[in-house]
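Working notes, beginning with the structure itself.
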Amino acid sequence: MLMEIKGLTKRFGGLKAVSEFDIDVAEGEIVGLIGPNGAGKSTVFNLITGVLPVTSGTIMFRDADITRSQPNQVAKLGIGRTFQLNPLFPEFTVLENVTSSFDLHPHSSLADIFFNTPKYRRNEKFIKEMAHQILEIVGLSKEANELARNLAHGHQKMLGVARALATKPTMLLLDEPLAGMNPSEIQYSLDAIRGMRDNGITVLIVEHNMQVLSLCDRVVVISFGQKICEGLPEEVRANQEVISAYFGADYVC
């Protein structure tokens with residue numbers, strides 16, 4: 001397994017936001033982590049990436065224990081993520097937003113930058129070429145020179161994904177990438193995420209929108225911080241406990 005999480009628990013005082021949560025992600029998979037609002041999905045992401053400290057449990061990535069790792073250490077190990085609120089530079093072009101995210105690879109010193117050394121020029125050329133490749137993956141090549149603030153909502157969300165891809169992750173955590181999108185934007189985003197997997201990126205996707213099921217190889221359902229179901233998308237869609245979590249205990253499909 002690329003990532004293995006066992007017994008993950010997060011307490012805020014007397015409240016258990018996540019309780020004894022298990023999830024595995026194999027290399028090359030798209031795994032969905034779904035659940036109703038307030039289920040604990042984003043908290044799981046924050047625990048994986050070191051934004052929040054883990055109360056108990058273990059997080060293994062490539063057989064290394066990253067349970068107590070800091071966010072910068074997690075990123076360097078190859079885990080990238082997006083956020084529900086999209087951090088963009090609105091006055092930068094689409095291309096500039098992506099090139100500005102190459103803070104991990106490659107690295108030029110201040111002296112290289114100041115003296116415009118051959119190393120700096122090589123790095124800048126490499127970054128620009130990689131940024132164009134990333135924009136191709138997420139379907140934003142034609143918008144490369146457009147200001148970020150002028151993009152439609154769905155394209156802005158994918159630009160946030162492109163910025164995360166600039167960290168060269170092995171696994172990408174997508175936090176509600178379909179939120180607020182219209183049907184055409186949703187289809188565009190689903191196609192872009194499939195393109196990421198085709199380019200070797202493993203994806204763990206947190207989503208409230210059940211349309212994400214069409215994208216996933218496997219789905220884990222969380223409710224009130226606990227895993228209630230795991231299986232293939234069609235199995236999860238028909239699970240009465242999942243239906244009750246979304247629509248209420250009295251709902252019958």
In the range 116-151, which residues are among the β-branched types (Val, Ile, Thr), crowded, with 16+ Cβ neighbours inside 10 Å and either touching a strand residue (DSSP E or B) at 6+ places or on another chain (Cβ under 7 Å) or without any contact (Cβ under 8 Å) to a residue 60 or more places away in the chain (or both)? Ile127, Ile134, Val138
Taking the options Ile79, Ile30, Ile66, Ile59, name whichever one is surrounded by 14 or more Cβ atoms within 10 Å (Cβ to Cβ), in contact with a strand residue (DSSP E or B) (Cβ under 9 Å, 6 or more places away or on another chain), of a type outside the set (D, E, K, R) and more than 30 Å from His107 (Cα to Cα). Ile30
Can you tell me how many residues in the range 30-52 are outside any helix (DSSP H, G or I) and either touching a helix residue (DSSP H, G or I) at 6+ places or on another chain (Cβ under 7 Å) or among the polar types (S, T, N, Q) (or both)? 11
Taking only pairs six or more apart or across chains, which ones have beta-carbon atoms under 7 Å, a first residue in the range 168-191 that is free of Cβ contacts under 8 Å to residues at least 60 places away in the same chain, and a second residue that is among the acidic types (Asp, Glu)? Leu178/Glu207
Go through (1) closer than 30 Å to Val18 by Cβ; (2) touching a strand residue (DSSP E or B) at 6+ places or on another chain (Cβ under 6 Å); (3) not in a helix (DSSP H, G or I) for Ile222 and report which single condition fails. (2)
Every residue in the range 1-58 that is at pLDDT below 95, over 27 Å from Ile243 (Cβ atoms) and either among the acidic types (Asp, Glu) or within 19 Å of the chain's Cα centre (by Cα) (or both), please. Met1
Answer yes or no as to whether Ile205 is outside any strand (DSSP E or B) and on the phi < 0 side of the Ramachandran plot. no
If Cys229 passes every condition in (1) in a helix (DSSP H, G or I); (2) of a type outside the set (Val, Ile, Thr); (3) touching a residue at least 12 places away in the same chain (Cβ under 8 Å); (4) under 30 Å from Leu15 (Cβ atoms) but one, which one does it miss? (1)
Please state which of the following conditions Asn86 fails to meet, knowing it meets all the rest: (1) closer than 19 Å to His208 by Cβ; (2) surrounded by fewer than 17 Cβ atoms within 10 Å (Cβ to Cβ); (3) of a type in the set (S, T, N, Q); (4) touching a Lys or Arg at 6+ places or on another chain (Cβ under 9 Å). (2)
Single unsatisfied condition, Ser184 versus (1) of a type in the set (Ser, Thr, Tyr); (2) surrounded by fewer than 18 Cβ atoms within 10 Å (Cβ to Cβ); (3) in a loop (DSSP other than H, G, I, E, B): (3)
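The values are calculated or read from the model by the stated rules, or taken from the named source; none is laboratory data. As the structure is a computational prediction, the values presented were derived from the model and not from experiment. Cβ: placed from backbone, ideal geometry, glycine included. Neighbour counts: every protein chain shown.
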